Every structure is written in C-alpha cells, then in structure tokens.
Amino acid sequence: MTVGSTGTPTTRVIGALALLITGWVVVSAFFITPADSVQGDSVRIMYAHVPTAWIAYLAFVTTAIASGFSVARRHRTLGFDRVAGASAEVGVLFMAMTLITGSLWGRLTWGTFWQWDPRLTTTLFLFVTYVGYLAVRRIDTDPRQRASRSSVIALLAVLEIPLVHFSVVLWRSLHQEASVLNTDGDVRLDGLMLFTLFSGVVAFTLIFAWLVIHRQRLTTLSDLERVVGLDAAIIARRAENSAGVSA
Amino acid sequence: MNTIVAVAKKDLRIEWRTRTLLARVVPFALLVLVLFAVALDSEALLLRAAAGLVWMAMLFSTMLVVQRAFDIETSDAAMDSLLACTAHPSRVFYGKALSLFVQLLALAAVLVTAAVVLYGASVHGNRVVLLVTVVVTATGGLATVGTLYGAVVANMTGRDSLLPLLALPVLAPLLIAASRATEAAFGSQTIDLANGWAWVGVLVVYAIVFGSAGAAAFSPLTESDS
C-alpha cells in the first residue's frame with residue numbers, strides 16, 4: 001500500500017488561500033500600514049503576534065475538546081486523539097512564536113524582554129504544560145494508552161490554567177512593584193491596520209487548519225504502519241527468500 | 001474508607017521497612033536547602049527567600065517520593081491486583097494520596113525546622129497556627145497532584161524526567177500560594193497575616209480541585225494498564 005500524499009483537494013484550497021492571504025498580510029504589514037504614532041515601527045510586530053496568540057489558544061481549546069471526546073468514547077476510535085495531538089503540536093509552535101514576538105516587542109516598547117505580568121506568566125506556564133503533553137505523546141507506546149493518558153493531561157491543563165492565572169494575578173496584585181510600564185500596550189488602530197490584523201488572524205487560522213489536517217493524517221498513517229508494518233516486513237522478507245531459492 | 005486506609009497503611013509499611021524517605025529524600029531536601037544558601041550567599045536574602053526555598057525543596061522532593069510510590073506498584077503489576085480488590089479505583093487514589101500526605105508532612109516538618117535553624121526564620125504566637133495550616137493544606141495539594149501525575153506517568157519509559165515536566169507547571173499555583181502564606185507566617189515585611197490566610201484559601205481550593213480531578217481521572221489512567 002502506498003500513500004503518496006496526505007493532501008486532498010480541500011487541503012490544497014486551504015493551503016492556497018493561506019498563502020495568498022499571508023502574502024497580503026506581509027505586504028500590508030510592512031509597506032502599506034502606517035507606523036504607530038507612539039510605538040513607531042514596532043507596532044508591525046503586532047500583525048504576527050496577535051494572530052499567533054489567537055491560534056495558540058484556539059489550538060489548545062481544540063485539543064481540550066478533542067481530548068474530552070477521546071476520553072468519552074475511548075474504545076471506539078483514535079480519531080479525536082490524533083486531532084488533539086496534532087492541534088497541540090501546532091499550538092506549541094504558535095505559542096513559542098507568540099512568546100518570541102511578544103518579548104521582541106516588549107524590548108522595543110517596555111525596554112525589557114520579559115515582564116512578570118499575569119498574562120505573560122500564565123502564557124509561559126501554558127507553553128511548558130503543552131511541551132510536557134507533547135513529551136508524553138512522543139513516547140513509543142500503544143496508541144490506546146497514549147490516547148487515554150494524553151487526554152487526561154490535556155483535560156487537567158484546562159483545570160490548571162485558570163488556577164495558575166488566578167494565583168499569578170493575586171500574587172502580582174499583592175506585590176505592586178514598580179508598575180510604571182503600561183503592560184496593555186494599547187494602540188489606536190485605523191481601518192487598514194485593523195483589516196491587516198484581521199487578515200492575519202484569518203491567514204493563521206487557515207495555516208492552523210492546514211497543518212492540523214495534515215498532521216493528524218500523518219499520525220493515522222504512522223499508527224497504521226505500527227500495525228501493518230511488521231506483517232508487511234515479514235511478507236517482504238519471505239518474498240525475497242523465495243525469490244532467492246527459485247533463482 | 002477501609003480500603004483507603006488499608007492502601008495507605010500498605011504504602012506506609014513499605015516505606016517504613018525500606019526507609020527510602022529517611023535515607024534518601026530527607027538528606028536530598030536538606031542538601032537542596034544548603035545549596036540554595038551557598039548559591040544565594042547572603043543572609044538577608046536567605047531570610048527573605050526562606051519560605052520560597054522551603055517549598056521549592058518540597059516540590060523537588062515530592063517528585064522523588066511520587067516516583068517511589070508508583071514504582072512499588074508497577075514493578076510487578078501490583079497495581080492490577082490492588083485495583084482488583086476494590087470496586088472503586090478512586091479509593092486506591094485516595095489511599096495512595098493519604099500515604100503520600102503523611103510522608104510529605106514529615107518532610108515538611110523537617111524542612112521548616114531546617115529553615116529556622118539554617119536561614120534564621122522565626123515563627124511566633126498566632127503565626128504558628130497559620131504555619132501549621134499552610135503546611136497541612138499545601139501538603140494535601142502536593143499529595144493529590146503527586147498521586148495524579150504519578151499515575152499518568154506510571155509504566156512509561158522515561159517517567160523520571162516526565163514527572164517533573166508535567167507536574168511542576170501544575171504545582172506553580174501551589175508554590176506561589178504556599179510560599180506567600182509561609183512568608184506571612186515567618187513574619188515577613190512584605191505580606192501581612194490576613195493576606196497569609198487568604199493564600200490558605202487558595203491552597204484549600206487547589207487541594208479540593210485536584211483531589212476530585214485525581215479521583216475521577218484515576219480510572220481511565222489505570223484501566224489501560226491491564
């Protein structure tokens with residue numbers, strides 16, 4: 001059995017649209033939109049930063065929902081588990097980009113790479129949590145055991161994040177250290193800037209969908225390979241052997 | 001209830017006979033406190049950080065105790081027989097958590113004493129009540145999260161490094177709350193007694209949330225082993 005590609009007409013359309021809109025976002029973000037009156041050119045980082053953060057959260061919500069279904073009907077199908085895993089992988093990637101673009105923007109705007117602000121701290125813990133989730137998924141084990149354990153971890157993350165966020169908010173509010181920096185970094189957006197930002201969100205959502213669809217198909221194939229791979233290898237060796245005998 | 005106590009007694013008896021906690025974990029935790037002191041190299045800084053360092057040492061030591069608690073179950077598939085003895089896997093969860101709680105409570109007592117002796121932390125009057133409450137509630141949270149994540153990684157290859165990676169981010173709220181409340185009990189300048197008690201509230205909520213989540217998750221986690 002050979003599978004040439006995990007692409008289908010649908011994914012090709014999604015991919016092409018993603019490329020097209022990303023191209024527009026790049027052009028608009030760098031050349032067409034104006035610089036911000038306060039932040040100057042550093043505001044352009046926002047066109048990548050906000051969509052990556054949005055996708056990361058979308059991905060983790062997808063993982064949680066898919067894991068919920070996976071636990072609820074765990075003896076029937078692994079489909080939900082594969083979607084959960086694929087979505088978490090993409091989520092970790094985008095959250096890393098969020099943290100990197102965010103700290104670059106922070107360096108330019110606040111003068112520091114990192115602030116122990118509740119939102120930032122929670123995001124960092126969320127990132128580490130899903131890195132751990134992916135580490136569990138990488139272990140070479142029975143796909144059903146992988147499904148049950150990783151979905152429990154994903155569901156616990158849903159419990160963990162509000163607790164982390166709440167305790168960090170309480171922690172920071174009690175300390176009240178020099179908060180001269182406005183961590184909101186509000187910018188006034190004109191129509192074109194808002195449209196570019198919106199296009200960024202659409203482009204990244206399409207990229208997310210494209211990556212998750214391909215990734216979960218790939219997981220299906222590699223799970224399948226575990227099952228049929230051994231049999232296929234034995235048949236191939238036998239064929240070689242009999243060919244050798246007859247020659 | 002009987003099952004819970006029986007499972008806890010079994011674990012504690014194994015611990016008593018092998019003395020892993022006494023021979024390895026307690027010395028390790030004390031070593032961590034000593035190394036923190038060497039690394040920070042300032043008595044004023046140490047006194048300021050004492051509460052946080054005690055709970056950091058607790059977190060690290062919890063990882064070791066949890067590994068041990070599940071290694072005794074998985075080495076010869078003892079978990080399967082244990083689960084066969086009761087209709088509710090959640091009772092095994094609470095039993096193991098109870099045993100972990102008792103062991104960690106003993107460790108916490110040693111570490112708080114060490115903070116008083118080594119770091120010069122002091123506890124007076126009604127602050128003792130706060131300190132005891134913090135230690136009990138935070139240890140409860142550590143025991144439930146520890147048991148839950150111990151079950152998640154049980155039987156997995158590379159579980160020694162997976163357990164801290166998975167459990168420590170989850171324990172972050174506990175570390176924040178327990179450190180702040182202990183700071184208040186140590187009579188720190190930065191946080192008053194009332195705020196200390198507010199953090200105890202967080203610790204109680206935390207222990208309840210993970211106590212119930214752990215009991216619910218224990219069944220799907222252990223089922224796949226058989």
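Only Lys, Arg, Asp and Glu carry charge here, each on its Cβ (+1 for the first two, -1 for the last two); on that basis chain B has a dipole of about 400 debye about its Cα centre. Around the Cα centre of the range A:44-176, unit charges on the Cβ atoms of Lys, Arg, Asp and Glu (plus for the first two, minus for the last two) sum to a dipole of about 240 debye. Taking a ≥ b ≥ c as the square roots of the eigenvalues of the alpha carbon gyration tensor, the protein assembly as shown is oblate, as a/c is not under 1.5 and a/b does not beat b/c. For a distance above 24 Å, tell me the whole-number percent of Cα pairs in chain A that qualify. Everything past 24 Å amounts to 58 percent. Between residue B:60 and residue B:41, the simple spin-label model (points 7 angstrom out along Cα→Cβ) gives 1.8 nm. With the cut-off at 1.5 for a/c, could you classify the range A:66-131 from its C-alpha gyration tensor as rounded, prolate or oblate? Prolate shape, in that a/c is at least 1.5 and a/b is the bigger ratio. What is the angle, in °, between the Cα long axis of helix B:159-185 and the longest principal axis of the Cα atoms in chain B? Nearest 10 is fine, range 0 to 90. Helix B:159-185 sits at roughly 40 degrees to that axis.
Counting Cβ atoms of other protein chains within 10 Å of each Cβ in A:201-214 and taking the mean gives 0.
Distance from the Cα centre of the range A:29-50 to that of the range B:184-226, in angstrom? With the range A:29-50 and the range B:184-226 each reduced to a Cα centre, they are spaced 43 Å. Mean separation of Cα pairs under 8 Å and 6 or more residues apart, divided by the residue count, gives the range B:2-223 a relative contact order of 28 percent.
The mean count of C-beta atoms from other chains within 10 Å of the C-beta of residues in B:155-166, rounded to a whole number, is 4.
Normalised by the number of residues in chain A, the mean separation of alpha-carbon contacts (under 8 Å, six or more apart) gives a relative contact order of 33 percent. Around the Cα centre of the protein assembly as shown, unit charges on the Cβ atoms of Lys, Arg, Asp and Glu (plus for the first two, minus for the last two) sum to a dipole of about 860 debye.
For the range B:84-215, the fraction of C-alpha pairs farther apart than 26 angstrom is 28 percent. Each of B:149, B:119, B:206, A:57 was scored by other Cβ atoms within 10 Å of its Cβ. Arranged with the fewest first, they read A:57, B:119, B:206, B:149. Debye calculation, C-alpha points only, no solvent: report log10 I(q)/I(0) for chain B at q = 0.09, 0.10 Å⁻¹, in the same order as the q values. Results for chain B at q = 0.09, 0.10 Å⁻¹ read -0.36, -0.45. Considering only C-alpha atoms, what is the centroid distance from the range B:79-136 to the range B:21-68, in Å? Using only Cα atoms to place each centre, the spacing works out to 16 Å. Gyration tensor over the Cα atoms of the range A:44-176: the corresponding equivalent ellipsoid has semi-axes (square roots of 5 times the eigenvalues, largest first) of 31, 17, 11 Å. Farthest toward the positive end of the dipole of the range B:2-223, out of B:30, B:113, B:40, is the Cα of B:113, where the dipole comes from beta carbon charges about the Cα centre. Inter-chain Cβ neighbour count for B:168-180, averaged per residue, equals 6 (cutoff 10 Å, partner chain atoms only). Among B:161-172, B:212-223, the peptide with the highest mean count of other Cβ atoms within 10 Å heads the list, and the full ranking is B:161-172, B:212-223.
Peptides A:120-126, B:92-98 ranked from most to least packed, by the mean per-residue count of other Cβ atoms within 10 Å: B:92-98, A:120-126.
All of the numbers you see were taken from the coordinates with simple rules; none came from a lab. Every value quoted in this text rests on a predicted model; they were computed, and no experiment measured them. Counting neighbours? That spans all protein chains shown, and the Cβs are built from the backbone with ideal geometry, glycine included.
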